[in-house]
Amino acid sequence: MYNRVSISSLGKRHFALCIVHFALLLFCLSAHAQQTTVERQSKGDGADDVLQYVPYASAIVLKVCGAESRHDWPRFAAVTVGSWVVSAGVAYALKHTVNEWRPDHTDRRSMPSGHATFAFAGASVLRHEYGHLSPWIPVAGYGVAVLTAADRVRRDRHHWYDVCAGAAIGTLSAEACYWLSDKLFNRRQQNVQLSLLPTGVSVQVGL
């Protein structure tokens, strides 16, 4: 059975400070990238189209390679897919509701950034599943997410507040899925009791 270990050997306070530093880095990089953009012409998409899925892909590859994750395959798949579906649903619902122009004026789907949403949701999955193995795994995940968000602003595809909103949506969506998963699965395990009796095996399910 999996025994939950502290996310970082440095302690929860240091991990919280790390997340705050990444948030500040995201804000500074994205704001600077937008301020230093001289030409307001569309720079199109590029590496950020791949980077947005790197955290999710990394989580799956680590699982396939046998890395010790927090959950077994069924629960891992449920939480991973769930976080992607929830974050995508919220992001695209807002895109079609807010109707904000992109900085390059190609369309009105700027708020929030879908790339940042997926990148930060995937980084949160990495933190939950493999943070106990090394503090550098979540650091790498959030680092890729920050680069993805900053590159979206650099390419004139989003305002800095679009990627910040996407980061918040992705992170909160993943956290909500893990919270719900813990509630549902833990309750299910607590309600099932297996007993070995002289007359046979007894299974009790509490409703």
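Using a 1.4 Å probe and counting only protein heavy atoms, arrange SER83, SER58 so the residue with the most accessible area comes first. Please list the in-between numbers first.
On the way: SER83 0, SER58 40 Å².
Putting SER83, SER58 in descending order of accessible area: SER58, SER83.
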In segment 76-135, what percent of the accessible surface is made up of carbon and sulfur (1.4 Å probe, ligands and nucleic acids excluded)? 67 percent
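Count charges around SER110 for me, please; just the other residues with Cβ under 13 Å from its Cβ, Lys/Arg as +1, Asp/Glu as -1.
Charge balance in the 13 Å sphere: +2.
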Counting only protein heavy atoms and leaving out ligands, DNA and RNA, the solvent-accessible surface of LEU184 at a 1.4 Å probe, in Å² to the nearest 10, equals 100 Å²
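Leaving ligands and nucleic acids out of the surface, order GLU129, GLU68, GLU100 by accessible area at 1.4 Å, largest first. Let's see the in-between values first.
Working: GLU129 0, GLU68 100, GLU100 40 Å².
If we order GLU129, GLU68, GLU100 from most to least accessible, we get GLU68, GLU100, GLU129.
Ranked by accessible surface with a 1.4 Å probe, highest first, in what order do LEU126, LEU133, LEU51 come? Display every interim value, and only then the final one.
Numbers: LEU126 10, LEU133 80, LEU51 50 Å².
Listed by decreasing accessible area, they come as LEU133, LEU51, LEU126.
The values are calculated or read from the model by the stated rules, or taken from the named source; none is laboratory data. None of the values given here were measured: they were computed from a predicted structure. So basically every Cβ, Gly included, is an ideal-geometry build from the backbone, and we count neighbours across all protein chains shown. The protein model used for the area step is the full one, side chains on, heavy atoms only, and it has no ligands, DNA or RNA in it. Shrake-Rupley method; radii C 1.70, N 1.55, O 1.52, S 1.80 Å.
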